[in-house]
Amino acid sequence: MSEASVNVGGRSRPRSALLFALGLVLFLVLLALGTWQVQRLHWKEGLLQTIDQRTHSAPLPLAEVEKEFASTGDVDYTPVTVTGTFLHSGERHFYATWEGDAGFNVYTPLALDDGRFVLINRGFVPYDLKDAAKRTKGQVAGKITVTGLARNPLPAKPSMMLPDNDVAKNIFYWKDRDVMAASAGLPAGFTLVPIFIDADKTPNPGGLPVGGVTIIDLPNSHLQYAVTWYGLAAALAAVLILRLRRPAKED
């Protein structure tokens, strides 16, 4: 009887040591997750500060914004002004919602004086007004100056959950800049400015498209996540300490 107890105890000690080791590994993982969220918090706060500074700055000429993009690859939300002539026949339609309504953001090529083109997000139109023939007043002719926010191009489809773009029906679910331009009927050998521009709230004739639809809403929940991970790590540490302090005869 006594020998069996010793054997059982002998078997329990390695098991306890293994459980403690696994708990220690989990504790370190929780600490790492918490630290990663703190790092993400600092990154997100810096990003939000940069966006706030950019959106409250004076508009820059397109040439300056292009120079910055060539240098850093990032001009998102930088105010910019550009002059050219819209090629309305090349409208591309990006599926979107605005103030609870489903519809499309209208991306129209703007022909620049140097022969290049830039895609302008002129704003939102309701779903049943996708056809430009139903909103002819907004098809402004002649040279026009557009002020808005520069937007970085997307390097790839941002999520596998998004549907594929339906180019044949001119319905885009993600902003594939190159395909948008290639399907817009631009002249052969055209050159495209490497960024998008979201037009500001300046009203268009007839009220459509509705400009100023850029949504700047970057969630910042990293502090809550960090507290959660660190809290779990603290709770696990308490359990491990209690385990260490348990009398050996209880094993």
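The values are calculated or read from the model by the stated rules, or taken from the named source; none is laboratory data. Predicted model, so just to flag it, every value in this text is computed and none were measured. Cβ: placed from backbone, ideal geometry, glycine included. Neighbour counts: every protein chain shown. The area values use the complete protein model at the heavy-atom level, side chains included, leaving out ligands, DNA and RNA. Shrake-Rupley method; radii C 1.70, N 1.55, O 1.52, S 1.80 Å.
Using per-residue counts of other Cβ atoms within 10 Å, averaged over each peptide, order 220-230, 151-161 from highest down.
Top of the packing list down: 220-230, 151-161.
Short version: ³J(HN,Hα) in whole Hz for each residue of segment 158-168, in order, from phi by Karplus 6.51 cos²θ - 1.76 cosθ + 1.60 (θ = phi - 60°), x for Gly and Pro, what are they?
Couplings: x, 7, 5, 6, 6, x, 6, 4, 9, 5, 4 Hz.
If Lys and Arg each add +1 and Asp and Glu each add -1, what is the summed charge of the other residues whose beta carbon sits under 12 Å from the beta carbon of H93?
For residues surrounding H93, the net value is +2.
Below 22 Å, Cα to Cα, which lysines can K134 reach? Residues fewer than 8 away in the same chain don't count.
Correct list for K134: K169, K201.
Starting from the amide H of A96, placed 1.01 Å from N in the peptide plane, find each other amide H under 5 Å away whose residue is 5 or more places distant or on another chain.
G103, F104, N105
With θ set to phi - 60°, apply the Karplus curve 6.51 cos²θ - 1.76 cosθ + 1.60 along segment 174-184 and write out the HN-Hα couplings as whole Hz, x wherever there is a Gly or Pro.
Those phi angles translate into 9, 7, 7, 4, 5, 5, 4, 5, 5, 9, 8 Hz.
If you average the C-alpha positions of segment 128-178 and of segment 108-122 separately, how far apart do those two centres end up, in angstrom?
That distance is 13 Å.
Counting only helical runs of four or more DSSP H residues, what would the 222 nm mean residue ellipticity of the chain come to if each run contributes -39,500 (n - 2.57) and the total is spread over all its residues?
Value at 222 nm, helices only: -13500 deg cm²/dmol.
Between (i) 7, 25, 30, 26, 11, 1, 0; (ii) 7, 29, 30, 21, 10, 2, 0; (iii) 6, 23, 24, 14, 9, 8, 7, 5, 3, 1, 0, which matches P(r) over Cα pairs in 10 Å bins from 0, in percent calculated for the structure shown?
Derived directly from the coordinates: (iii).
With θ set to phi - 60° and the Karplus curve 6.51 cos²θ - 1.76 cosθ + 1.60, what are the ³J(HN,Hα) couplings of segment 233-244 in order, to the nearest whole Hz, using x for Gly and Pro?
Karplus values, whole Hz, x for Gly and Pro: 5, 5, 5, 5, 4, 4, 5, 5, 5, 4, 5, 5.
Percent of accessible area on segment 91-162 owned by carbon and sulfur, 1.4 Å probe?
57 percent
Rolling a 1.4 angstrom probe over the protein heavy atoms, how many square angstrom per residue are accessible across the chain?
58 Å²
Farthest toward the dipole's positive end in segment 123-183, which of L154, A141, I171, given Cβ charges of +1 (Lys, Arg) and -1 (Asp, Glu) about the Cα centre?
Of the listed residues, the answer is A141.
Specify the residue with the greatest mean-square fluctuation among L18, L31, L62, computed from a Gaussian network of the chain linking alpha-carbon atoms under 10 Å apart.
Among L18, L31, L62, the largest GNM mean-square fluctuation belongs to L18.
Using modelled backbone amide H atoms (1.01 Å from N, in-plane), which distant-in-sequence or interchain residues come within less than 5 Å of N170's amide H?
Amide H neighbours of N170: none.
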